[in-house]
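Chemist: This structure is in structure tokens; I'll ask about it shortly.
The values are calculated or read from the model by the stated rules, or taken from the named source; none is laboratory data. Computed from a prediction, not measured in an experiment: that's the story for all the values here. Cβ coordinates were reconstructed from backbone atoms using ideal geometry, including for glycine residues, and neighbour counts include every protein chain displayed. Only protein heavy atoms, including side chains, enter the accessible area calculation; ligands, DNA and RNA are left aside. Shrake-Rupley method; radii C 1.70, N 1.55, O 1.52, S 1.80 Å.
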Amino acid sequence: MNFTPATPLGYLRTFGPRADPATDLTWGLIVISLAVVIIVTVLVVAGVLVRRSRGSERPPVAESRHEARWIWVGLAPTCVVLLLSLVWTVEVLARINDPPRRPALTVEITGHQWWWEARYDFAQPNGTLVTANEIHIPVGTPVLVKLTSADVIHSFWIPALTGKTDTIPGRTNLTWIEASRPGDYRGQCTEYCGAQHAGMAAFVIAEPPAAFAAWRAAQSAPARAPSGPAALAGQAVFAAYCAACHTVRGTGAEGILGPDLTHIASRQSLASGLIPNTPGSLAGWIGDPQALKPGARMPAVGLSGPQLGAVVAYLEGLK
Ligand code: CUA
């Protein structure tokens, strides 16, 4: 069962203990605000109509002791409502600040212009695991998220799971997420960070624990060896043109400027959610990144047609 939200970035429906109390608060404050507007409007209109029907010989409210007391009558419920809203807000902030249980998993997320690096904790039995833009988590478990940035300030936001937390160079900010049901939860960088700020989507993919364990085991493994002559040729092209920026674990490619591509074929999208991960869009992306994502740090490296075909065949094999 994969949940796909009808409004991908909608924040009025949430799916986890980090976000749900804030959503209840949002709806509650909306209802209170609407009630206040309706009550005040009705009283003002009623006051005008009553005054008009009685004629204008009566003095204004402020000059009448008797009627000035209505100011106090109005002030009292206002204070009570504002105070209750404040208490509710502070209570919700305190409740979602810490996860209900100790997080069993830590993901270190680094914002880059313009993509997300996700590194799973070294202390785990399967060792280090680095991926990009698609952050898998097990369902029903709080996950600690450590946030930093490699360049400028970005902000991590998965509206159905958690509010916004900035990623700041040289600093680690903490947040946590927990999904109460499986699904692909889309997120977005929400701090203006340059030309492709809008092209900086993130996805949290929440899976049942067994599916997550399988994903983790597969992602922890080194890259698959190329199968077939095209993929083999593609590995050589990759080593010559791409390895300075990209890592493919288990090969000589150890660049750290761009996303780790060890298991790129297992991802759903490319270029931080911009295009689906298909052989055609992969070829289009490598052939001319600037056409698809102007300003992106990835340059066109001037591959020939056969070289491009080979490198796509190689990457398609990196499941
Ligand atoms: Cu990264 Cu906006």
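Chemist: Given the criterion within 30 Å of residue 145 (Cβ to Cβ), modelled with pLDDT of 95 or more and open to solvent by 70 Å² or more (accessible area, probe 1.4 Å), identify the matching residue among 87, 31, 92, 42.
Modeler: Matching residue, one of 87, 31, 92, 42: 87.
Chemist: Scan segment 63-122 for residues that are closer than 30 Å to residue 164 by Cβ and assigned to a loop (DSSP other than H, G, I, E, B) and jot them down.
Modeler: Scanning segment 63-122 gives 98, 99, 100, 101, 102, 103, 104, 113, 114, 121, 122.
Chemist: Being more than 26 Å from residue 293 (Cβ to Cβ) and within 16 Å of the ligand (Cβ to nearest atom) narrows it down to one of 171, 216, 181, so name that one.
Modeler: Details: 216 fails: within 16 Å of the ligand (Cβ to nearest atom); 181 fails: within 16 Å of the ligand (Cβ to nearest atom).
Within the list 171, 216, 181, the selection yields 171.
Chemist: Moving on. State whether the residues of segment 213-225 include one that is modelled with pLDDT under 95, surrounded by 15 or more Cβ atoms within 10 Å (Cβ to Cβ) and in contact with a helix residue (DSSP H, G or I) (Cβ under 7 Å, 6 or more places away or on another chain).
Modeler: Checked against the condition, which is being modelled with pLDDT under 95, surrounded by 15 or more Cβ atoms within 10 Å (Cβ to Cβ) and in contact with a helix residue (DSSP H, G or I) (Cβ under 7 Å, 6 or more places away or on another chain), segment 213-225 yields no hits at all.
Chemist: Okay, next question. Can you confirm whether residue 186 is at pLDDT below 95, open to solvent by 10 Å² or more (accessible area, probe 1.4 Å) and within 16 Å of the ligand (Cβ to nearest atom)?
Modeler: For residue 186, the condition - at pLDDT below 95, open to solvent by 10 Å² or more (accessible area, probe 1.4 Å) and within 16 Å of the ligand (Cβ to nearest atom) - is met.
Chemist: So how many residues does segment 163-184 have that are of a type in the set (Asp, Glu) and in contact (Cβ under 8 Å) with a residue 60 or more places away in the chain?
Modeler: 2
Chemist: Follow-up question, since we're still on this one. Looking at residue 198, is it within 18 Å of the chain's Cα centre (by Cα), within 17 Å of residue 103 (Cα to Cα) and part of a loop (DSSP other than H, G, I, E, B)? Even if it seems obvious, please write down each step before you answer.
Modeler: Working: within 18 Å of the chain's Cα centre (by Cα): yes; within 17 Å of residue 103 (Cα to Cα): no; part of a loop (DSSP other than H, G, I, E, B): yes.
Against the criterion (within 18 Å of the chain's Cα centre (by Cα), within 17 Å of residue 103 (Cα to Cα) and part of a loop (DSSP other than H, G, I, E, B)), residue 198 does not qualify.
Chemist: Tally up the residues in segment 195-212 that are near the ligand (Cβ under 7 Å from one of its atoms) and open to solvent by less than 30 Å² (accessible area, probe 1.4 Å), please.
Modeler: Our first condition is that a residue be near the ligand (Cβ under 7 Å from one of its atoms); within segment 195-212, this holds for 197, 200.
Narrowing further to those that are open to solvent by less than 30 Å² (accessible area, probe 1.4 Å): 200.
Residues in segment 195-212 being near the ligand (Cβ under 7 Å from one of its atoms) and open to solvent by less than 30 Å² (accessible area, probe 1.4 Å): 1 in total.
Chemist: Sticking with this one: For segment 148-164, name all the residues that are away from the ligand (no atom under 12 Å from the Cβ) and crowded, with 20+ Cβ neighbours inside 10 Å.
Modeler: Residues satisfying the conditions are 158, 159, 160, 161, 162.
Chemist: Also: Which condition breaks for residue 144 when tested against (1) aliphatic (A, V, I, L, M); (2) open to solvent by 10 Å² or more (accessible area, probe 1.4 Å); (3) within 12 Å of the ligand (Cβ to nearest atom)?
Modeler: Only one criterion is unmet by residue 144, namely (3).
Chemist: In addition: Across segment 245-276, what is the number of residues that are open to solvent by less than 30 Å² (accessible area, probe 1.4 Å), without any contact (Cβ under 8 Å) to a residue 60 or more places away in the chain and within 14 Å of residue 203 (Cα to Cα)?
Modeler: Number of matching residues: 2.
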